[in-house]
Amino acid sequence: SLTAGIVGLPNVGKSTLFNAITKAGVEAANYPFATIDPNVGVVEVPDKRLNEITKLVQPKKTVPTTIEFTDIAGIVKGASRGEGLGNKFLSHIRQVDAICHVVRCFDDGNITHVSGKVDPISDIETINLELILADLETIDKRIARVGKLARTKDKDAVAEMEVLEKLKEALENDQLANSVEFYDEQLPFVRNLFLLTRKKMLYVANIGEDEVTDSSDNPYLAQVRELAATQGAEVVPVCARLEEEIAELDDEEKAVFLEDFGIEESGLDRLIQHVYSLLGLATYFTAGEQEVRAWTFVKGMKAPQAAGVIHSDFERGFIRAETVSYDDLINYQSMSAAKENGRVRSEGKEYVVQDGDIMLFRFNV
Ligand code: GDP
(Lines give C-alpha, C1' and ligand atoms only; values in the text may rest on other atoms or scores of the structure.)
Protein backbone atom coordinates (compact mmCIF):
# COMPACT_ATOMS: atom_id res chain seq x y z
CA SER A 1 0.00 0.00 0.00
CA LEU A 2 1.00 3.61 -0.37
CA THR A 3 3.09 5.17 2.35
CA ALA A 4 4.09 8.65 3.48
CA GLY A 5 7.49 9.24 5.07
CA ILE A 6 8.02 11.68 7.92
CA VAL A 7 11.25 13.65 7.60
CA GLY A 8 12.70 16.72 9.30
CA LEU A 9 15.71 17.94 11.24
CA PRO A 10 16.35 16.60 14.75
CA ASN A 11 14.21 18.05 17.55
CA VAL A 12 11.42 19.42 15.38
CA GLY A 13 8.81 16.99 16.70
CA LYS A 14 8.97 14.02 14.31
CA SER A 15 8.97 11.34 17.00
CA THR A 16 6.20 13.12 18.84
CA LEU A 17 4.09 13.17 15.70
CA PHE A 18 4.95 9.57 14.90
CA ASN A 19 3.99 8.51 18.42
CA ALA A 20 0.65 10.19 17.93
CA ILE A 21 0.24 8.23 14.70
CA THR A 22 1.05 4.85 16.26
CA LYS A 23 -1.12 5.54 19.32
CA ALA A 24 -4.00 6.52 17.07
CA GLY A 25 -3.17 3.47 14.96
CA VAL A 26 -5.56 0.80 13.76
CA GLU A 27 -6.88 -2.17 15.66
CA ALA A 28 -4.81 -5.04 14.40
CA ALA A 29 -7.84 -7.37 14.46
CA ASN A 30 -9.44 -5.50 11.57
CA TYR A 31 -6.27 -5.37 9.52
CA PRO A 32 -4.45 -8.68 9.86
CA PHE A 33 -2.07 -7.67 7.09
CA ALA A 34 -0.99 -4.43 8.73
CA THR A 35 2.74 -4.22 8.93
CA ILE A 36 4.61 -4.89 12.15
CA ASP A 37 7.64 -2.77 11.26
CA PRO A 38 8.20 -0.48 14.29
CA ASN A 39 8.93 2.45 11.98
CA VAL A 40 5.58 2.16 10.27
CA GLY A 41 2.29 3.41 11.68
CA VAL A 42 -1.00 2.45 10.07
CA VAL A 43 -3.88 4.87 10.67
CA GLU A 44 -7.50 4.90 9.67
CA VAL A 45 -8.57 7.52 7.18
CA PRO A 46 -11.35 9.52 8.84
CA ASP A 47 -14.44 9.72 6.66
CA LYS A 48 -17.80 11.01 7.83
CA ARG A 49 -19.54 9.30 4.92
CA LEU A 50 -18.63 5.92 6.35
CA ASN A 51 -20.51 6.78 9.55
CA GLU A 52 -23.57 7.89 7.58
CA ILE A 53 -23.63 4.71 5.50
CA THR A 54 -23.28 2.67 8.69
CA LYS A 55 -26.32 4.42 10.18
CA LEU A 56 -28.38 3.50 7.12
CA VAL A 57 -27.22 -0.07 6.64
CA GLN A 58 -26.69 -1.07 10.29
CA PRO A 59 -24.04 -3.70 9.50
CA LYS A 60 -22.40 -5.99 12.06
CA LYS A 61 -19.08 -4.29 11.44
CA THR A 62 -17.66 -1.09 9.94
CA VAL A 63 -14.12 -0.96 8.61
CA PRO A 64 -12.42 2.29 7.57
CA THR A 65 -9.61 2.33 5.03
CA THR A 66 -6.04 3.04 6.11
CA ILE A 67 -2.84 4.79 5.18
CA GLU A 68 0.75 4.20 6.29
CA PHE A 69 3.29 6.58 7.73
CA THR A 70 6.98 5.72 8.00
CA ASP A 71 9.25 7.42 10.49
CA ILE A 72 12.45 8.36 8.71
CA ALA A 73 14.82 9.56 11.39
CA GLY A 74 18.33 10.75 10.92
CA ILE A 75 18.54 13.49 8.36
CA VAL A 76 21.21 16.02 9.27
CA LYS A 77 23.22 18.53 7.35
CA GLY A 78 25.64 16.51 5.23
CA ALA A 79 23.38 13.47 4.90
CA SER A 80 23.91 13.35 1.14
CA ARG A 81 27.67 13.07 1.82
CA GLY A 82 26.97 10.14 4.12
CA GLU A 83 26.96 12.02 7.43
CA GLY A 84 24.65 10.91 10.22
CA LEU A 85 22.62 8.02 8.91
CA GLY A 86 23.26 9.57 5.51
CA ASN A 87 22.77 7.09 2.73
CA LYS A 88 20.58 4.77 4.74
CA PHE A 89 18.25 7.64 5.38
CA LEU A 90 18.11 8.56 1.72
CA SER A 91 17.34 5.02 0.65
CA HIS A 92 14.40 4.99 3.09
CA ILE A 93 13.02 8.13 1.52
CA ARG A 94 13.34 6.56 -1.89
CA GLN A 95 10.78 3.95 -0.87
CA VAL A 96 7.98 6.26 0.20
CA ASP A 97 5.29 7.66 -2.08
CA ALA A 98 5.00 11.06 -0.42
CA ILE A 99 7.08 13.10 1.99
CA CYS A 100 5.73 14.85 5.09
CA HIS A 101 8.38 17.39 5.95
CA VAL A 102 8.05 18.40 9.61
CA VAL A 103 9.20 21.92 10.44
CA ARG A 104 9.55 23.40 13.89
CA CYS A 105 7.27 26.42 14.22
CA PHE A 106 7.00 26.55 18.02
CA ASP A 107 9.02 28.58 20.50
CA ASP A 108 10.16 26.69 23.55
CA GLY A 109 13.33 27.74 25.35
CA ASN A 110 13.59 24.32 26.95
CA ILE A 111 14.00 22.52 23.68
CA THR A 112 17.25 23.03 21.87
CA HIS A 113 17.24 23.71 18.21
CA VAL A 114 20.01 22.08 16.20
CA SER A 115 21.18 25.34 14.68
CA GLY A 116 20.60 27.49 17.77
CA LYS A 117 17.41 29.30 16.85
CA VAL A 118 14.00 28.57 15.42
CA ASP A 119 14.27 29.34 11.73
CA PRO A 120 11.90 27.24 9.62
CA ILE A 121 13.10 28.57 6.28
CA SER A 122 16.69 27.68 6.96
CA ASP A 123 15.57 24.26 8.29
CA ILE A 124 13.58 23.55 5.16
CA GLU A 125 16.45 24.65 2.96
CA THR A 126 18.87 22.44 4.87
CA ILE A 127 16.80 19.34 4.29
CA ASN A 128 15.83 20.14 0.76
CA LEU A 129 19.47 20.81 -0.07
CA GLU A 130 20.42 17.32 1.07
CA LEU A 131 17.70 15.85 -1.11
CA ILE A 132 18.77 18.03 -4.04
CA LEU A 133 22.43 17.00 -3.67
CA ALA A 134 21.44 13.34 -3.62
CA ASP A 135 19.39 13.85 -6.80
CA LEU A 136 22.25 15.68 -8.49
CA GLU A 137 24.47 12.71 -7.80
CA THR A 138 21.89 10.40 -9.37
CA ILE A 139 21.67 12.63 -12.42
CA ASP A 140 25.41 13.03 -12.85
CA LYS A 141 25.85 9.27 -12.82
CA ARG A 142 23.17 8.92 -15.45
CA ILE A 143 24.65 11.68 -17.59
CA ALA A 144 27.99 9.90 -17.53
CA ARG A 145 26.34 6.81 -19.03
CA VAL A 146 23.82 8.32 -21.41
CA GLY A 147 26.12 11.12 -22.54
CA LYS A 148 28.40 8.70 -24.42
CA LEU A 149 25.49 7.22 -26.31
CA ALA A 150 24.06 10.63 -27.03
CA ARG A 151 27.29 11.63 -28.75
CA THR A 152 26.76 8.72 -31.16
CA LYS A 153 23.45 10.42 -32.01
CA ASP A 154 21.42 7.59 -30.49
CA LYS A 155 17.90 8.97 -30.61
CA ASP A 156 16.70 7.82 -27.18
CA ALA A 157 19.91 8.91 -25.55
CA VAL A 158 19.63 12.37 -27.08
CA ALA A 159 16.06 12.67 -25.81
CA GLU A 160 17.03 11.52 -22.36
CA MET A 161 19.98 13.91 -22.19
CA GLU A 162 17.58 16.78 -22.75
CA VAL A 163 15.61 15.64 -19.71
CA LEU A 164 18.71 15.14 -17.59
CA GLU A 165 20.11 18.55 -18.40
CA LYS A 166 16.85 20.27 -17.66
CA LEU A 167 16.68 18.57 -14.27
CA LYS A 168 20.31 19.30 -13.51
CA GLU A 169 19.87 22.97 -14.22
CA ALA A 170 16.82 23.22 -11.95
CA LEU A 171 18.48 21.35 -9.09
CA GLU A 172 21.62 23.47 -9.39
CA ASN A 173 19.36 26.46 -8.90
CA ASP A 174 18.02 24.92 -5.68
CA GLN A 175 14.71 24.00 -7.26
CA LEU A 176 13.04 20.70 -6.48
CA ALA A 177 12.60 18.28 -9.37
CA ASN A 178 8.85 18.24 -8.80
CA SER A 179 8.70 21.87 -9.94
CA VAL A 180 10.03 21.04 -13.41
CA GLU A 181 7.54 20.45 -16.19
CA PHE A 182 7.97 17.86 -18.89
CA TYR A 183 6.18 16.61 -21.96
CA ASP A 184 4.36 13.30 -21.55
CA GLU A 185 6.88 11.47 -23.71
CA GLN A 186 9.70 12.68 -21.45
CA LEU A 187 8.11 11.43 -18.24
CA PRO A 188 9.34 7.82 -18.46
CA PHE A 189 12.94 9.11 -18.40
CA VAL A 190 12.13 11.18 -15.33
CA ARG A 191 10.37 8.35 -13.49
CA ASN A 192 13.23 6.02 -14.20
CA LEU A 193 15.53 8.18 -12.07
CA PHE A 194 13.52 7.74 -8.85
CA LEU A 195 14.47 11.21 -7.68
CA LEU A 196 13.81 12.22 -4.10
CA THR A 197 12.71 15.75 -4.90
CA ARG A 198 10.29 14.51 -7.55
CA LYS A 199 8.13 12.97 -4.85
CA LYS A 200 4.97 14.58 -3.67
CA MET A 201 5.63 16.63 -0.57
CA LEU A 202 3.81 18.65 2.03
CA TYR A 203 5.01 20.62 5.02
CA VAL A 204 3.82 19.83 8.52
CA ALA A 205 4.22 23.01 10.58
CA ASN A 206 4.61 21.95 14.20
CA ILE A 207 3.01 24.82 16.11
CA GLY A 208 2.68 25.52 19.83
CA GLU A 209 -0.11 24.23 22.06
CA ASP A 210 -1.56 27.71 22.53
CA GLU A 211 -1.81 28.30 18.79
CA VAL A 212 -4.03 25.42 17.87
CA THR A 213 -7.23 27.44 17.95
CA ASP A 214 -5.72 30.46 16.24
CA SER A 215 -2.33 30.27 14.58
CA SER A 216 -2.58 33.55 12.70
CA ASP A 217 0.01 35.24 14.93
CA ASN A 218 2.66 32.59 14.41
CA PRO A 219 5.35 34.27 12.27
CA TYR A 220 7.12 30.98 11.51
CA LEU A 221 3.98 29.48 10.08
CA ALA A 222 3.54 32.52 7.84
CA GLN A 223 7.11 32.07 6.57
CA VAL A 224 6.56 28.40 5.82
CA ARG A 225 3.33 29.17 3.97
CA GLU A 226 5.09 31.75 1.84
CA LEU A 227 7.89 29.40 0.89
CA ALA A 228 5.53 26.48 0.29
CA ALA A 229 3.43 28.62 -2.04
CA THR A 230 6.44 29.15 -4.32
CA GLN A 231 6.75 25.34 -4.56
CA GLY A 232 3.05 24.70 -4.93
CA ALA A 233 3.24 22.65 -1.73
CA GLU A 234 0.63 22.49 0.99
CA VAL A 235 1.16 23.35 4.66
CA VAL A 236 -0.65 21.50 7.43
CA PRO A 237 -0.35 23.13 10.87
CA VAL A 238 -0.29 20.54 13.64
CA CYS A 239 0.68 20.65 17.30
CA ALA A 240 2.50 17.35 17.65
CA ARG A 241 2.48 17.39 21.43
CA LEU A 242 -1.26 17.92 21.57
CA GLU A 243 -1.83 15.24 18.94
CA GLU A 244 0.03 12.80 21.14
CA GLU A 245 -2.43 13.54 23.95
CA ILE A 246 -5.47 13.36 21.67
CA ALA A 247 -4.32 10.01 20.30
CA GLU A 248 -4.70 8.47 23.77
CA LEU A 249 -8.40 9.35 23.97
CA ASP A 250 -11.36 7.28 22.87
CA ASP A 251 -13.78 8.73 20.31
CA GLU A 252 -16.09 10.34 22.85
CA GLU A 253 -13.31 11.92 24.90
CA LYS A 254 -11.71 13.12 21.72
CA ALA A 255 -14.89 14.90 20.64
CA VAL A 256 -15.11 16.68 24.00
CA PHE A 257 -11.44 17.61 23.90
CA LEU A 258 -11.70 19.10 20.41
CA GLU A 259 -14.81 21.02 21.36
CA ASP A 260 -12.99 22.52 24.35
CA PHE A 261 -10.34 23.76 21.96
CA GLY A 262 -12.99 24.98 19.57
CA ILE A 263 -11.70 22.90 16.66
CA GLU A 264 -13.56 20.51 14.43
CA GLU A 265 -10.90 18.05 13.51
CA SER A 266 -7.63 16.97 15.07
CA GLY A 267 -4.45 18.05 13.29
CA LEU A 268 -3.61 14.42 12.68
CA ASP A 269 -6.94 13.78 10.97
CA ARG A 270 -6.34 16.78 8.76
CA LEU A 271 -2.83 15.58 7.96
CA ILE A 272 -4.14 12.13 7.03
CA GLN A 273 -6.67 13.65 4.66
CA HIS A 274 -4.10 15.93 3.06
CA VAL A 275 -1.70 13.05 2.46
CA TYR A 276 -4.54 11.02 1.02
CA SER A 277 -5.38 13.63 -1.57
CA LEU A 278 -1.70 14.47 -2.20
CA LEU A 279 -1.26 10.86 -3.27
CA GLY A 280 -4.24 11.15 -5.60
CA LEU A 281 -6.28 8.69 -3.58
CA ALA A 282 -10.03 8.40 -3.22
CA THR A 283 -12.49 6.10 -1.48
CA TYR A 284 -15.29 3.84 -2.57
CA PHE A 285 -17.50 1.84 -0.25
CA THR A 286 -18.98 -1.62 -0.05
CA ALA A 287 -22.12 -1.88 2.03
CA GLY A 288 -23.57 -5.20 3.10
CA GLU A 289 -25.38 -6.44 6.19
CA GLN A 290 -22.19 -8.07 7.45
CA GLU A 291 -19.85 -5.24 6.81
CA VAL A 292 -19.70 -1.65 5.62
CA ARG A 293 -16.22 -0.86 4.45
CA ALA A 294 -14.17 1.90 2.85
CA TRP A 295 -11.59 1.03 0.18
CA THR A 296 -8.80 3.15 -1.19
CA PHE A 297 -8.27 3.44 -4.93
CA VAL A 298 -6.17 5.68 -7.10
CA LYS A 299 -8.20 8.36 -8.86
CA GLY A 300 -8.76 7.43 -12.47
CA MET A 301 -8.98 3.68 -11.87
CA LYS A 302 -11.59 1.81 -13.85
CA ALA A 303 -14.04 -0.53 -12.13
CA PRO A 304 -12.08 -3.80 -12.59
CA GLN A 305 -8.88 -2.29 -11.21
CA ALA A 306 -10.75 -0.76 -8.29
CA ALA A 307 -12.33 -4.15 -7.61
CA GLY A 308 -8.83 -5.59 -7.57
CA VAL A 309 -8.13 -3.54 -4.46
CA ILE A 310 -10.41 -5.96 -2.60
CA HIS A 311 -9.16 -9.12 -4.24
CA SER A 312 -7.32 -9.97 -7.44
CA ASP A 313 -10.11 -12.47 -8.27
CA PHE A 314 -12.54 -9.56 -8.41
CA GLU A 315 -10.42 -7.91 -11.05
CA ARG A 316 -9.77 -11.05 -13.09
CA GLY A 317 -13.39 -12.19 -13.12
CA PHE A 318 -15.01 -8.77 -13.25
CA ILE A 319 -18.39 -8.71 -14.99
CA ARG A 320 -20.00 -5.47 -13.86
CA ALA A 321 -20.56 -3.30 -10.82
CA GLU A 322 -23.83 -2.10 -9.40
CA THR A 323 -23.06 1.43 -8.43
CA VAL A 324 -24.79 4.21 -6.59
CA SER A 325 -23.27 7.53 -5.60
CA TYR A 326 -23.02 8.44 -1.94
CA ASP A 327 -25.33 11.43 -2.41
CA ASP A 328 -28.00 9.30 -4.06
CA LEU A 329 -27.86 6.69 -1.32
CA ILE A 330 -28.20 9.34 1.40
CA ASN A 331 -30.92 11.07 -0.55
CA TYR A 332 -33.05 7.91 -0.92
CA GLN A 333 -32.05 6.46 2.45
CA SER A 334 -31.74 2.87 1.24
CA MET A 335 -30.33 0.79 -1.60
CA SER A 336 -33.77 -0.44 -2.59
CA ALA A 337 -35.27 3.05 -2.70
CA ALA A 338 -32.30 4.27 -4.73
CA LYS A 339 -32.88 1.36 -7.11
CA GLU A 340 -36.61 2.03 -7.47
CA ASN A 341 -35.74 5.56 -8.45
CA GLY A 342 -33.28 4.41 -11.06
CA ARG A 343 -30.21 5.65 -9.23
CA VAL A 344 -28.40 2.31 -9.11
CA ARG A 345 -26.39 1.97 -12.29
CA SER A 346 -24.95 -1.18 -13.80
CA GLU A 347 -21.42 -0.19 -14.81
CA GLY A 348 -19.03 -2.12 -17.01
CA LYS A 349 -15.30 -2.46 -17.50
CA GLU A 350 -14.75 1.06 -18.75
CA TYR A 351 -16.41 2.82 -15.84
CA VAL A 352 -14.09 5.25 -14.03
CA VAL A 353 -14.86 4.86 -10.34
CA GLN A 354 -15.79 8.07 -8.54
CA ASP A 355 -14.94 9.11 -5.00
CA GLY A 356 -17.83 8.12 -2.74
CA ASP A 357 -19.29 5.44 -5.01
CA ILE A 358 -20.96 2.53 -3.28
CA MET A 359 -20.09 -0.58 -5.28
CA LEU A 360 -21.35 -4.11 -5.54
CA PHE A 361 -19.09 -6.15 -7.80
CA ARG A 362 -20.37 -9.02 -9.90
CA PHE A 363 -17.64 -11.38 -10.97
CA ASN A 364 -16.89 -14.92 -12.22
CA VAL A 365 -14.71 -17.13 -10.13
P1 GDP B 1 12.46 14.74 16.67
O2 GDP B 1 13.91 14.74 16.99
O3 GDP B 1 12.18 15.56 15.45
O4 GDP B 1 11.88 13.40 16.61
O5 GDP B 1 11.75 15.56 17.82
P6 GDP B 1 10.91 15.07 19.10
O7 GDP B 1 9.58 14.60 18.69
O8 GDP B 1 11.74 14.17 19.91
O9 GDP B 1 10.69 16.46 19.83
C10 GDP B 1 11.78 17.19 20.36
C11 GDP B 1 11.31 17.89 21.58
O12 GDP B 1 10.31 18.87 21.22
C13 GDP B 1 10.64 16.96 22.58
O14 GDP B 1 11.05 17.38 23.89
C15 GDP B 1 9.17 17.21 22.37
O16 GDP B 1 8.41 17.00 23.55
C17 GDP B 1 9.14 18.68 21.96
N18 GDP B 1 7.98 18.98 21.15
C19 GDP B 1 7.52 18.28 20.09
N20 GDP B 1 6.40 18.85 19.58
C21 GDP B 1 6.14 19.93 20.36
C22 GDP B 1 5.13 20.94 20.37
O23 GDP B 1 4.21 20.92 19.53
N24 GDP B 1 5.22 21.90 21.32
C25 GDP B 1 6.24 21.92 22.24
N26 GDP B 1 6.28 22.90 23.15
N27 GDP B 1 7.19 21.00 22.26
C28 GDP B 1 7.16 20.01 21.34
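Those helices (runs of 4 or more DSSP H) of segment 213-324 in which at least 1 residues are among the aliphatic types (A, V, I, L, M), considering only elements entirely within it, cover 219-231, 240-246, 251-261, 267-278, 303-308. Only residues that are without any contact (Cβ under 8 Å) to a residue 12 or more places away in the chain, away from the ligand (no atom under 16 Å from the Cβ) and farther than 30 Å from ASP156 by Cα were counted in segment 168-218, giving 1.
Can you find, within segment 102-117, the residue that is nearest to the ligand (Cβ to nearest atom) among those that are modelled with pLDDT of 85 or more and over 16 Å from LEU202 (Cα atoms)?
We begin by selecting, within segment 102-117, every residue modelled with pLDDT of 85 or more; these are 102-107.
Adding the requirement that they be over 16 Å from LEU202 (Cα atoms) leaves 106-107.
On the way: PHE106: 4, ASP107: 8 Å.
For segment 102-117, the residue satisfying everything is PHE106.
LYS117 - would you say it is on the phi > 0 side of the Ramachandran plot, assigned to a loop (DSSP other than H, G, I, E, B) and more than 21 Å from the chain's Cα centre (by Cα)? No, not satisfied. Does GLN231 qualify as being at pLDDT 95 or above, of a type in the set (S, T, N, Q) and more than 16 Å from the ligand (Cβ to nearest atom)? The answer is no for GLN231.
Inclusion of GLU162 among residues that are away from the ligand (no atom under 16 Å from the Cβ), touching a residue at least 24 places away in the same chain (Cβ under 8 Å) and closer than 25 Å to LEU9 by Cα is not warranted. Applying the criterion of being of a type in the set (Asp, Glu) and touching a helix residue (DSSP H, G or I) at 6+ places or on another chain (Cβ under 6 Å) to the residues of segment 326-365, the residue that is surrounded by the most Cβ atoms within 10 Å (Cβ to Cβ) is ASP328. Within segment 47-76, which residues are among the hydroxyl-bearing types (Ser, Thr, Tyr) and in a loop (DSSP other than H, G, I, E, B)? Matches in segment 47-76: THR65 only.
Among the residues of segment 253-272, are any in contact with a Gly (Cβ under 6 Å, 6 or more places away or on another chain) and buried (at least 18 other Cβ atoms within 10 Å of the Cβ)?
Just the residues of segment 253-272 that are in contact with a Gly (Cβ under 6 Å, 6 or more places away or on another chain), to begin with: none.
Checking segment 253-272: not a single residue is in contact with a Gly (Cβ under 6 Å, 6 or more places away or on another chain) and buried (at least 18 other Cβ atoms within 10 Å of the Cβ).
The values are calculated or read from the model by the stated rules, or taken from the named source; none is laboratory data. All values reported here derive from a predicted model rather than from experimental measurement. Note that each Cβ is placed from the backbone with ideal geometry, even for glycine, and that neighbours are counted across all protein chains shown.
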